[in-house]
Every structure is written in C-alpha cells, then in structure tokens.
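Asker: Pasting a structure below so you can have a look.
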Amino acid sequence: MPSRKFADGEVVMGRWPGSVLYYEVQVTSYDDVAHLYTVKYKDGTELALKESDIRSQSSFKHRKSQSSSSSPSRRSSSRSRSRSRSPGRPARGRRRSASQSREHKDDKKKIIQETSLALPVLVLFFKPSENNTKRYNGEPESTEKNDTSCIILEQKLKPDLEIKRVLEQYSLRSRKDDKKEEIYSEKKTLVAVKPIEKVPTKTKELEFGGRIGTFLLIFLLPATVFYLLLMCKQDDPSLLNFPPLPALESLWEGRVFGVFLLWFFLQAVFYLLPIGKVVEGLPLSSGRKLQYRINGFYAFILTAAAIGVLLYFQFELHYLYDHFMQFAVSAAAFSLALSIYLYVRSLKAPEEELAPGGNSGYFIYDFFTGHELNPRIGSFDLKYFCELRPGLIGWVVINLAMLLAEMKIHNLSVPSLSMILVNSFQLLYVVDALWNEEAILTTMDITHDGFGFMLAFGDLVWVPFVYSLQAFYLVGHPITITWPVAAAITVLNCIGYYIFRSANSQKNNFRRNPADPKLANLKFIPTATGKGLLVTGWWGFVRHPNYLGDIIMALAWSLPCGFNHILPYFYVIYFICLLVHREARDEHHCKQKYGLAWERYCQRVPYRIFPYIY
C-alpha cells in the first residue's frame with residue numbers, strides 16, 4: 001500500500017474540483033481505503049481530494065517562478081534563429097546545430113511542462129470567474145445584497161478576452177514553422193492537465209446513532225406504529241394501560257394485502273399518466289439534472305373520483321377502520337420488501353448515483369438510510385413517487401374512512417365538529433403539498449437522503465397510519481367542542497399554515513429565480529457556491545420558519561381531541577423532536593457547504609425555530 005505524502009495539519013495547495021484553480025488548504029485526515037485526503041479551505045469548506053490534486057507550497061511557487069523567469073516567446077525566437085542557419089555553413093556548424101537541436105527538444109519539453117503547470121496559477125490571478133479567492137473565502141465586497149439582478153449580471157460581465165490574452169501570451173506555438181507546430185501539439189497532448197475525476201467519498205459521519213442506532217430503529221419504528229394503533233382501540237388509552245398483544249394470525253389477511261397492492265399500483269398508474277408539466281430537479285454531483293412529471297394534484301383528483309364512484313355503489317369505506325391494524329401490517333411488510341429490493345439494486349448502481357449520506361460501507365446503516373440517491377425503473381422514480389402519492393393521498397382516504405366509521409358506530413347523521421376540523425385541516429395540508437409538488441425537489445429527502453428503509457417505511461407506513469392518529473382516536477373516543485373553541489383552533493391552524501406556505505414559497509421562488517423582480521426587496525448573503533442566504537422576510541425571522549408553521553399546525557390538529565389523554569398529542573410531540581433533529585442535520589450540512597457565509601447568517605438570524613426561545 002503506498003504511503004501518504006502529506007501529513008495531517010500540513011498546509012498545501014489544493015485544486016478546486018472541476019477547475020484548474022489552486023487554493024491554500026489544510027490537510028485534516030487521510031482515508032487509507034479510498035486514498036483520499038480530506039482538506040479544509042479557509043472558509044471552512046471540507047472536501048476530499050486525490051493526491052494528484054494536491055501540491056506542496058514550495059514546489060508550487062518554485063514552478064511558477066521558473067515559468068515566469070524567461071519568456072517562452074524569447075526561447076522560441078532564439079531557437080528559430082538557430083534553425084535558420086544557411087545550408088552552406090561548414091560541417092562543424094552543422095554538427096553544432098544538430099547538438100543544439102537535441103538540446104532544443106529537451107529544453108522545449110521542459111518549457112511545455114513548466115507552462116502547463118504555471119497556467120493554472122495565471123488563470124487564478126487573471127480569470128474573473130465566480131470562484132475567485134475573495135468570494136470563495138466568504139469575503140464578498142458587500143456582505144448583504146438586495147439587488148438580485150447582480151447574480152445574472154455577474155455572469156454576463158465575465159470577459160473572455162483577458163483569458164484569451166493570457167493563454168496566447170504563454171502559448172509555445174511557433175508561427176513560422178508548421179513542423180514546429182506539429183511537434184508542439186504532439187507534446188502538449190502528453191502533458192495536458194487531465195480533467196478531475198469525481199471520486200465519491202465514503203460517508204464518515206453516521207447519523208441516527210450509527211450502526212447500532214439504525215439497527216434498533218428498524219425494529220422500533222414498526223413497534224411504535226403498532227403500539228399507537230393498539231392503544232387507540234382501548235377504552236382507556238392511557239400510557240400506563242399497556243394494551244394486550246393480539247394473536248399473530250389476526251394481524252394478517254391476504255385480502256387486505258391485496259387491497260393495499262391494488263392501491264399502490266393504482267397510484268403508480270396515475271403517476272405514469274402523460275398529464276402535468278415536466279420539470280428538472282436540482283443538479284446532481286455529476287452535474288446532470290433529472291426530470292420529474294408534476295401531476296400529483298391530478299392523481300389526487302382522479303383518486304377522489306374513484307372514491308366517489310365506490311361510495312356511489314355503496315362500498316363500505318369503513319372497512320379500513322375495521323381492518324386498520326391489518327392494513328398497517330401489510331404496508332410494513334411491503335415497505336420492508338421494497339427496502340430489500342432497493343438495497344440489492346443499489347449494489348450495482350454507479351458510484352456517482354449513490355447517496356452522499358448512505359455510502360458508509362456498513363450494511364445496516366446503508367440499508368436504513370438508503371444507498372442509492374434516485375433509484376429509477378426507466379423514467380419511474382421510486383423515491384419521488386413514494387414521497388407524495390401512496391402515503392400522503394392514502395392519509396386523506398383513511399381520514400375519510402374514520403369519519404364514516406364514526407357516523408356509523410355512533411349513529412350520527414353528520415360527523416362531529418372535532419372530526420370535521422381534523423379532516424379539514426389535514427386535507428388542506430395534503431392538497432397544499434400536492435399543489436406545490438415541485439417544491440419537494442429542493443428538500444433534503446430528494447437532494448441528500450437515499451431511498452432506503454427510513455423513507456420507504458416513513459412514506460408508506462408512518463405517514464398514513466401515524467398522521468391519521470387523531471381521526472382514529474376520535475372514532476373510539478368522541479369529543480364535543482363548542483363553536484368558539486372550534487373558531488379559535490381554526491385561527492391557530494390558519495396562522496401556522498400562512499407561516500408554513502409563505503416561508504416555503506419565498507425560499508423556493510428565490511432558489512428557482514433569484515432575479516425575479518418580485519423578490520427585489522429581499523436581502524441575502526452571497527456564498528461561495530453562488531447561492532444566497534436570505535436574511536430578510538421569514539428567513540430573517542428564524543432560520544427555519546417553515547418548521548415553525550408546521551409545529552403550529554400540528555398543535556391545531558391535536559387540540560380537537562381534547563385533553564383527556566396525551567395519546568392524540570403524540571403527533572405534535574414527535575413532530576417537534578423530528579424537526580429539531582432535522583434542523584440539527586440542516587445546520588451541519590449548511591456549515592460544511594457555506595462555511596463563513598453560514599456563520600454570518602447565524603449571527604444575523606440567531607434563532608433556529610422558535611423566536612426568542614430556540
């Protein structure tokens with residue numbers, strides 16, 4: 001095994017991926033398996049580089065001085081005079097010319113190598129690109145900007161004439177001799193700088209408790225779902241009243257599993273319909289952009305029509321309530337089988353298609369978090385499909401089934417006010433998500449997390465069967481609330497929804513088109529990646545205003561269930577824990593991605609989710 005060349009803590013010059021620019025970096029660690037150095041730039045960004053992309057400072061400066069010590073044009077003209085000697089010169093002169101010719105070849109090869117090494121340095125100082133040292137280190141000319149058109153003008157005002165002049169000045173091409181031009185071209189190809197190959201790095205920082213934590217979560221998540229459903233079925237759903245375990249044979253029914261499969265593949269058919277616009281997602285690590293068809297809202301309309309037809313023909317939808325636990329078991333079994341398939345197929349996936357957070361090399365961890373970022377069967381994106389369709393639309397269908405079950409069990413002509421509020425609030429949430437389906441393409445689930453057990457179980461089991469817990473609870477434990485209380489809860493939900501929707505819209509519009517005149521009043525901090533961090537509007541209020549709106553809505557969904565038991569408040573408690581954990585993940589990723597710009601943003605916006613609290 002080759003020994004490492006650079007030690008930890010050593011300050012060297014590292015090439016910026018995808019360019020010929022070198023920056024001063026510090027070596028922080030070395031991966032003996034992948035043979036990659038982890039280096040830290042001045043703005044705090046950490047990247048993994050190959051040894052061939054790193055040079056010592058002394059060698060780097062020495063080569064630069066050699067290249068600039070003598071002009072290549074002078075050497076070229078000197079050699080041209082030597083070659084233009086008269087053929088009538090004596091033999092001694094010819095022998096001396098032959099000797100000089102051999103020296104000239106060696107000298108020319110040396111010059112070409114020196115120039116090829118010096119060129120990145122010249123481009124570093126002369127090229128007015130967006131990766132210049134000042135901006136890269138998080139030191140823009142002004143820390144805040146509110147003229148969003150500067151992002152476009154910056155690209156338009158990059159002159160190529162200066163780069164062309166530098167390249168021509170240091171070119172070794174002779175204009176007098178075609179043969180010399182051919183020799184130079186041949187040698188130039190031998191010493192040309194090779195494009196940087198993007199080598200995917202292993203996931204070093206394990207989340208969710210690492211291998212042990214993810215192993216326990218694979219069993220803990222299904223157990224939590226089944227425990228909550230069993231508790232809701234009891235007359236006294238207090239925490240100390242542990243429910244009796246049902247017989248194993250009562251948890252499975254082939255017909256129920258068939259209905260679940262029918263539901264899943266019906267949504268897949270709706271997904272494949274050629275309706276709705278096709279948009280591009282964010283660039284992947286390879287620079288490629290995947291295409292997505294935005295037709296989730298149409299799928300919801302078609303599903304509503306299908307449910308209406310079933311009800312018209314007197315299909316008893318409360319069948320879902322009677323077999324709710326069996327449906328949960330069927331969904332869990334299907335999500336486990338899907339997770340196994342996803343992991344097996346990911347073993348043959350190209351390296352550039354693996355998830356940055358699920359490539360640790362540990363089976364359990366990668367199986368849980370997802371090994372492949374965007375698994376597709378042709379144009380059918382499995383992760384994107386499961387994110388919104390079967391579980392989210394299924395959540396609304398389950399709520400409707402609970403409403404009908406309440407009316408049947410309690411002989412009601414109309415549903416209770418509590419059940420109406422829960423159904424209405426959550427229906428608004430789902431319709432909003434489907435109507436703004438394109439916004440999900442910028443979330444961490446799509447851009448960072450792989451598709452494994454965590455998302456498969458979460459999308460197909462956790463969302464439809466845990467998020468509908470309030471409606472399920474109200475069937476067996478009816479609560480009567482007054483109209484003033486209902487009005488107050490409605491106002492609370494509207495406040496949460498307004499914060500959630502306006503904050504998300506503000507962020508998504510800025511990401512898609514920062515030069516939109518409607519966003520001209522927004523101020524932002526520019527970063528080395530070319531993106532801006534909003535410091536006004538909702539994102540200047542707290543760092544995650546969309547999370548704040550989500551939590552307020554979650555509380556409004558639980559309040560119609562009263563205060564007799566804590567069980568219907570499980571959702572809001574869980575959601576606070578989930579969003580605080582996700583905020584910590586966001587904080588870590590943004591710190592690595594934006595460096596000093598993120599630190600300035602945190603100083604400007606000190607509160608994370610709850611203003612003046614957290």
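The values are calculated or read from the model by the stated rules, or taken from the named source; none is laboratory data. This one's a predicted model, so the numbers in the text were calculated from it and none came from an experiment. Neighbour counts run over all protein chains shown; Cβ positions are idealised from the backbone, glycine included. These area figures cover heavy atoms from the full protein model, side chains too; ligands, DNA and RNA do not enter into them. Shrake-Rupley method; radii C 1.70, N 1.55, O 1.52, S 1.80 Å.
Asker: Given the Cα-Cα distance of Asn436 and Glu280 and 0.36 nm per residue of separation, how much length would full extension add, in nm? Don't skip to the end; give the middle numbers.
Answerer: Values: separation 156, 0.36 × 156 = 56.16 nm, distance 1.48 nm.
That works out to 54.7 nm of additional length.
Asker: Beyond 14 Å, how much of the Cα-Cα pair distribution for segment 10-57 remains, as a whole percent?
Answerer: Working: 454 of 1128 pairs.
Roughly 40 percent, rounded to a whole number.
Asker: Based on the Cβ-Cβ distance from Ala333 to Gln234, what FRET efficiency comes out when R0 is 25 Å, to the nearest 0.05?
Answerer: So, using R0 = 25 Å, E works out to roughly 0.55.
Asker: Starting from the Cα of Glu316, step 7 Å along the direction of its Cβ; do the same at Ser424; then give the gap between the two resulting points in nm.
Answerer: Distance between label points: 3.0 nm.
Asker: Using the 2.2 N^0.38 Å rule of thumb for compact globular proteins, work out how segment 439-574 stacks up: its C-alpha Rg over that value, please.
Answerer: Against the compact-globule rule of thumb, the ratio is 1.31.
Asker: Now, a different point. Counting only protein heavy atoms, what percent of the accessible surface of segment 330-424 is carbon or sulfur at a 1.4 Å probe?
Answerer: Exposed carbon and sulfur together represent 66 percent of the surface.
Asker: In nm, to one decimal, how far is the Ala247 label point from the Ile301 one, both placed 7 Å along Cα→Cβ?
Answerer: Taking the simple label geometry, Ala247 and Ile301 are separated by 4.8 nm.
Asker: Sticking with this structure for a sec: Distance between Cα centroids, segment 331-351 to segment 471-517: provide it in whole Å.
Answerer: If we compute the Cα centre of each part, the gap is 34 Å.
Asker: Something else about it: Over segment 481-613, calculate the relative contact order: mean separation of alpha carbon pairs under 8 Å at least 6 apart, over the residue count, as a percent. Write down the numbers at each step before the final one.
Answerer: Numbers: 128 pairs, mean separation 42.6, N = 133.
With pairs under 8 Å counted, the relative contact order is 32 percent.
Asker: What's the extension gain from Glu352 to Ser58 if we count 0.36 nm per residue and subtract their Cα-Cα distance?
Answerer: Fully extending the segment from Glu352 to Ser58 adds 102.4 nm.
Asker: Treat each spin label as a single point 7 Å out from the Cα along the C-beta direction, and report the Arg604 to Lys518 distance in nm.
Answerer: Distance between label points: 2.2 nm.
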